[in-house]
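**Student:** Just passing along the structure, written as structure tokens.
The values are calculated or read from the model by the stated rules, or taken from the named source; none is laboratory data. These numbers come from a predicted model, not from an experiment. Here the Cβ is made from the backbone with ideal geometry for all residues, glycine too, and neighbour counts use every protein chain on show.
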Amino acid sequence: MAVEKARSYYLGQNGYRRVNCAQAVVSAFKEHFNISDDMLETFRSFGGGNAPEGVCGAYYAVRCMLENNNKEMIKDFEKYFLDSAGAVKCTEVKANKKLSCVGCVEKSAEFVAKLI
């Protein structure tokens with residue numbers, strides 16, 4: 001359910017307002033992690049390779065959620081994402097062509113969904 005919700009946010013489908021990759025992942029788990037609208041707005045600038053250090057926005061969103069809720073899973077998530085995408089930096093993920101942007105959103109949401 002959360003994976004489909006994140007996908008719908010990213011694509012602007014099924015009645016969801018279209019948002020960037022970082023916001024899509026955070027929006028899918030907003031209620032579960034009690035994320036405020038102000039915090040969600042913060043992620044507006046992290047799409048399209050604009051997250052800190054140029055990492056994928058969807059990846060960055062999960063890192064932030066794990067930092068605040070489940071720090072011990074960060075290394076597992078990084079390995080999971082690298083195995084799926086081949087990199088964590090947005091430009092490298094795109095160059096590898098292992099995952100599309102929507103694929104990054106789905107894989108990121110999938111990892112979090114397995115934790116809750």
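**Student:** How many residues does segment 63-78 hold that are in a helix (DSSP H, G or I) and among the polar types (S, T, N, Q)? Quick ask: steps written out before the conclusion?
**Tutor:** Of the residues in segment 63-78, the ones in a helix (DSSP H, G or I) are 63-69, 71-78.
Going one step further and asking which of them are among the polar types (S, T, N, Q), we end up with 68-69.
The qualifying residues number 2.
**Student:** Mind checking which residues of segment 2-57 are surrounded by fewer than 14 Cβ atoms within 10 Å (Cβ to Cβ) and among the basic types (Lys, Arg)?
**Tutor:** Arg17, Arg18, Arg44
**Student:** Could you check segment 75-112 and list, in sequence order, the residues that are within 19 Å of Tyr9 (Cα to Cα), of a type outside the set (A, V, I, L, M, F, W, C) and in contact (Cβ under 8 Å) with a residue 24 or more places away in the chain?
**Tutor:** Glu106, Lys107, Ser108, Glu110
**Student:** Let me ask another. Can you give me the number of residues within segment 79-94 that are part of a loop (DSSP other than H, G, I, E, B) and either at pLDDT below 95 or buried (at least 16 other Cβ atoms within 10 Å of the Cβ) (or both)?
**Tutor:** Initial filter on segment 79-94 (part of a loop (DSSP other than H, G, I, E, B)): 86-88.
So of that shortlist, the ones also either at pLDDT below 95 or buried (at least 16 other Cβ atoms within 10 Å of the Cβ) (or both) come out as 87-88.
Total meeting the criteria: 2.
**Student:** Answer yes or no as to whether Lys97 is among the basic types (Lys, Arg) and surrounded by fewer than 17 Cβ atoms within 10 Å (Cβ to Cβ). Give the steps one after another, and end with the answer.
**Tutor:** Details: among the basic types (Lys, Arg): yes; surrounded by fewer than 17 Cβ atoms within 10 Å (Cβ to Cβ): yes.
It is true that Lys97 is among the basic types (Lys, Arg) and surrounded by fewer than 17 Cβ atoms within 10 Å (Cβ to Cβ).
**Student:** Taking segment 63-77, which residues are over 26 Å from Thr91 (Cβ atoms) and exposed (fewer than 14 other Cβ atoms within 10 Å of the Cβ)? Write out each step before concluding.
**Tutor:** To start, the set of residues in segment 63-77 that are over 26 Å from Thr91 (Cβ atoms) comprises 68-72.
Scanning segment 63-77 gives Asn68, Lys71, Glu72.
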